[in-house]
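> After the structure tokens below, expect a handful of questions from me.
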Amino acid sequence: MNVSHDLGTWVAAFLTLCILSFVYKDNPFYKFAEYLFVGVSAGYFIVLNYWTVIYSNLLDPLRTAFGGHVEGGPFRIEQGDYRALLVIPGLLGVLLFTRLSRRTAWVSRWALAVIIGVYAGLKTTGFAQGDLVAQVQASLQPLWVPGHLWTSVNAIVFTVGLLTSLLYFFYSREHKGGLGLATRVGVLFLMVSFGAAYGYTVMSRVSLLIGRFQFLFSDWLHLIR
Amino acid sequence: MNLSALESLDRRWIFLGMALLVAGPLLFPVGLPLEVSKPTQEYYDAIAAVPDGSPVLVACDYDPGNRPEMVPMTKTTLRQLFDKHCKPIVLCLWNGGPGLVDQTLEEVADEYRARGVDLVSGRDYENLGFKSGNEAVMVLMGQGITNAFPRDQRDRETRTLPVMKGIRDYSSFPLLVSVSGGYPGTKEWVQQVNSRFHLPMVSAATAVSAPDYYPYLQSGQLRGMLGGMAGAAEYEKLMHEKGPATRGMDAQSLAHFFVAACILLGNAVQWSRGKRGRA
Amino acid sequence: MKREIPLFLTAVIGAVMILGFFVPHPWVSVPTDFLQQSAVIVVAFGYVLGGANVLRVNLEGIAKRDRDWPYRVVLIAGMLVTMAVGFFVDGPRFQAPGTPSIWIYNNLFATMNATLYALLAFFIASAAFRAFRIRTLEAGLLAAAALIVMLGRVPLGDFLLRPLTDHAGLPEWLRTTPLGAIQDWVMNVPQNAAKRAILIGAAMGVMATGLRVILGIERTYLGGGD
């Protein structure tokens, strides 16, 4: 049988089988692979974030600014070129490490405040423009299109589904009477969406297994192209 | 039919069934015909409409956990772009992804180089690499792509690269392709970039995320979408390829039928138990 | 002051970020740009902190001789070797093809990452048999939608079901409509309607929470203590 001669592929195949052995039962091979994965991931993420962000976006620009390699000196700030000002996020990043001690953990709140403030602002405007305004705008469609019965039916079904599903999330009044009937219809539409989501989730998970088998049969054992 | 024996079925038999039904068609393919769906056709058409030779921003936000769905989509997208002599500017916002994304890009570039096409990294295509920060990176790029990515995947200064000349911010691109495995991904690109900077977008998403993006497709915020391995296989068909997604669809089909059968059989067992209980 | 200054910072920064969406003037766009750059850098430090915490927790576990302590040694060894190779052997070009870091990435990290997720396929089948129970109309509708999507999205759906539906007492138009077309309709109309409702509702929720955080009403991110 013409199998792979690459050491890396054999290591990868061994680890793949270690993890797949979990479906029979938990065992030391699976545990070994699981802990190794956590360790390698943690190490890789540290290296990645250091070289691609801390070095690239912080240390290298600071070195350039204070090393006399830029016109105007380290304190000439303009959009996109912050030079000496980058000391501030650098310091905030270092302050994050005070979280490791209970006594000094409160200092890290300064760095967290910056992150929370930035992302609260970005997410508020992002959701408002991208989800709320644009989606409501797209929902305002004609319910009757002359000459196109099926399009009209779809538009009516869509609008009924949208409104009743939205009403389901209205908790300021008890779901009784007319509101109760509307929310019950909304629940039916929500169930259809959850069922569709389940179907697509099955497709996604099965794809991942197909990918692993393709690696074992193709890259390792050369059984398929 | 007496289904009581199935009530205490060891789940490992179900695992074995799943394994056999996935492995079998991979070893003995059937090649069932595929129909191309409308979102996939729209995805293909949106990229086809990009002017030849343009730079195109390709956000590959995934890691090896989504590889079987994402890599075929990425490769076929890059092939369509290279066929049009476009310049893909690739980036990754997932911690686990940059190595895989770079490997995918170089594999496609190598295919073209093997056919005699002169493709040079930094001149004809570029991998900006990884940056942490999710939405903050997306908005930061709006003021200047090289501000967010001063150095690329190969540790080269991005401002000096020939491919980045003339590229300032999102206005330099006619299209954004979001190959998205989850968060951050298509949703965040729609919210922060499509809505704010009005950059037209298409999405190639995992099957888990695809249903969530249908509203964006219907509203026009997305011009087209690939959903999961089925979407990847349909796209391969449009590009006249028989790639890993197409080869995986036989296994996908059988596995889906198996899960459907599990649902129906599980309920039949439950129903027969209830019937015996009442009898 | 241990809580008030961070709350004040969050309020000012959040307000500036929202203002930056509406005002393109450099007096606003330059600070928001700098804040985004700062967030990128601080988040990167956060990942390094996470790694440091993993190291600390597992070293403690080894020192206390926890039940799984030999595996923790494997974890620490994997972590330290990856870091040593990435920092001292490969340096800033650690992601170039052919480097030891990329070997570790491809054959260890990527492999195990992909396989751990692949296990889910087995469990989804097992859960479908043991836990998916159709007892109400709602559950039945969920199951029907799931079955239509699962079978309609793959080529085998129509191929196998066509002979069955040809003989069932179904109307002509339904018997000749491909399952894929029915699946498309489910995704584009009822599914889309509900998803859009969830999207709009979630958007309002996120906006409300964002404003609560910026205004200092929501303070859970500060943690406990003084």
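Just so it is clear, none of the values below were taken in a lab; they were calculated from the coordinates. Predicted, not measured: the structure shown is a model, and the values here were computed from it. No Cβ is skipped: glycine too gets one built from the backbone with ideal geometry, and neighbour counts run over all protein chains shown.
> Return the lysines within reach of C:K64: Cα separation strictly under 28 angstrom, same-chain partners fewer than 8 residues apart disregarded; answer none if there are no such residues.
A:K25, A:K31
> I've got another one for you. Given the -39500 (n - 2.57) contribution per DSSP H run of 4+ residues, what per-residue ellipticity at 222 nm results for chain C, rounded to the nearest 500 deg cm²/dmol? Don't jump to the answer; show the numbers that get you there.
Values: 10 runs with 165 residues, N = 226.
Helices in chain C give a 222 nm mean residue ellipticity of -24500 deg cm²/dmol.
> Using a 10 Å cut-off around each Cβ, can you sort B:W271, B:W189 from fewest to most neighbouring Cβ atoms? Can you show the working numbers first?
Working: B:W271 14, B:W189 28.
Ranking B:W271, B:W189 by Cβ neighbours within 10 Å, fewest first, gives B:W271, B:W189.
> Sticking with this structure for a sec: Kindly put A:I156, C:I198, C:I13 in sequence by how many other C-beta atoms sit within 10 Å of each C-beta, fewest to most.
Values: A:I156 13, C:I198 18, C:I13 25.
The most exposed by this proxy come first: A:I156, C:I198, C:I13.
> To the nearest whole number, what is the average tally of beta carbon atoms from other chains within 10 Å of the beta carbons of peptide A:55-64?
On the way: counts 5, 13, 14, 7, 1, 5, 2, 0, 0, 1.
Counting other chains' Cβ atoms within 10 Å and averaging over A:55-64 gives 5.
> Add +1 for every Lys or Arg and -1 for every Asp or Glu among the other residues with Cβ under 10 Å from the Cβ of B:P184, and state the total. Mind dumping the intermediate values first?
Values: positive: B:K187; negative: B:D61, B:E135, B:E188.
Neighbourhood net charge equals -2.
> Another question, if that's okay. Using 0.36 nm per residue, how much length does the chain from B:M239 to B:D169 gain when fully extended, once their Cα-Cα distance is taken away? It would help to have the intermediate numbers written out before the result.
On the way: separation 70, 0.36 × 70 = 25.20 nm, distance 3.01 nm.
Once the chain is fully extended between B:M239 and B:D169, it gains 22.2 nm.
> Quick one: order B:E188, C:E4 by neighbouring beta-carbon count within 10 Å, fewest to most. All intermediate terms of the calculation are to be shown ahead of the outcome.
Working: B:E188 23, C:E4 9.
By the 10 Å Cβ count, ascending: C:E4, B:E188.
> Hey, got the average number of other protein chain Cβ atoms within 10 angstrom for residues in B:261-269?
Numbers: counts 3, 8, 14, 6, 2, 9, 9, 0, 2.
The per-residue average across the peptide is 6.
> A further question follows. Could you rank the peptides B:44-56, B:200-212, C:69-81 by their average count of other C-beta atoms within 10 Å per residue, with the highest value first?
On the way: B:44-56: 15.7, B:200-212: 25.6, C:69-81: 19.1.
Those peptides, ordered most packed to least, come out B:200-212, C:69-81, B:44-56.
> Which of the peptides B:135-141, B:15-21 is most tightly packed, and how do the rest follow, going by the mean number of other Cβ atoms within 10 Å of each residue? All intermediate terms of the calculation are to be shown ahead of the outcome.
Values: B:135-141: 25.4, B:15-21: 17.9.
Most protected by this proxy first, the peptides run B:135-141, B:15-21.
> So what J values fall out for the stretch A:106-122 if you push phi through Karplus, 6.51 cos²θ - 1.76 cosθ + 1.60 with θ = phi - 60°, rounded to Hz, Gly and Pro as x?
With coefficients 6.51, -1.76 and 1.60, one gets 4, 5, 5, 4, 4, 5, 5, 4, 5, 4, 5, x, 4, 6, 4, x, 5 Hz.
> Given only helices, namely DSSP H runs of n ≥ 4 each adding -39500 (n - 2.57), what is the per-residue ellipticity at 222 nm of chain B, to the nearest 500 deg cm²/dmol?
On the way: 10 runs with 133 residues, N = 279.
Only helices count here, giving -15000 deg cm²/dmol.
> Moving on. Averaged over peptide C:135-146, how many Cβ atoms belonging to another chain are found within 10 Å of each residue's Cβ? Working shown, then result.
Details: counts 4, 1, 4, 8, 4, 3, 8, 11, 7, 3, 9, 14.
Average per residue, whole number: 6.
> If Lys and Arg each add +1 and Asp and Glu each add -1, what is the summed charge of the other residues whose beta carbon sits under 10 Å from the beta carbon of A:V70? Mind showing how you got there, number by number?
Details: positive: A:R76, A:R83; negative: A:E71, A:D81.
So the environment of A:V70 carries a net charge of 0.
> Considering Cα pairs under 8 angstrom that are at least six residues apart, work out the relative contact order of the stretch C:1-93 and quote it in whole percent.
14
> Additional query: Using modelled backbone amide H atoms (1.01 Å from N, in-plane), which distant-in-sequence or interchain residues come within less than 5 Å of B:Q221's amide H?
Placed amide hydrogens put nothing under 5 Å from B:Q221.
> Next up: Taking only DSSP H segments of four or more residues, each worth -39500 (n - 2.57), what value at 222 nm results for chain A once the sum is divided by all its residues, to the nearest 500 deg cm²/dmol? Please report the intermediate quantities before stating the final value.
Numbers: 8 runs with 135 residues, N = 225.
One gets -20000 deg cm²/dmol as the mean residue ellipticity at 222 nm.
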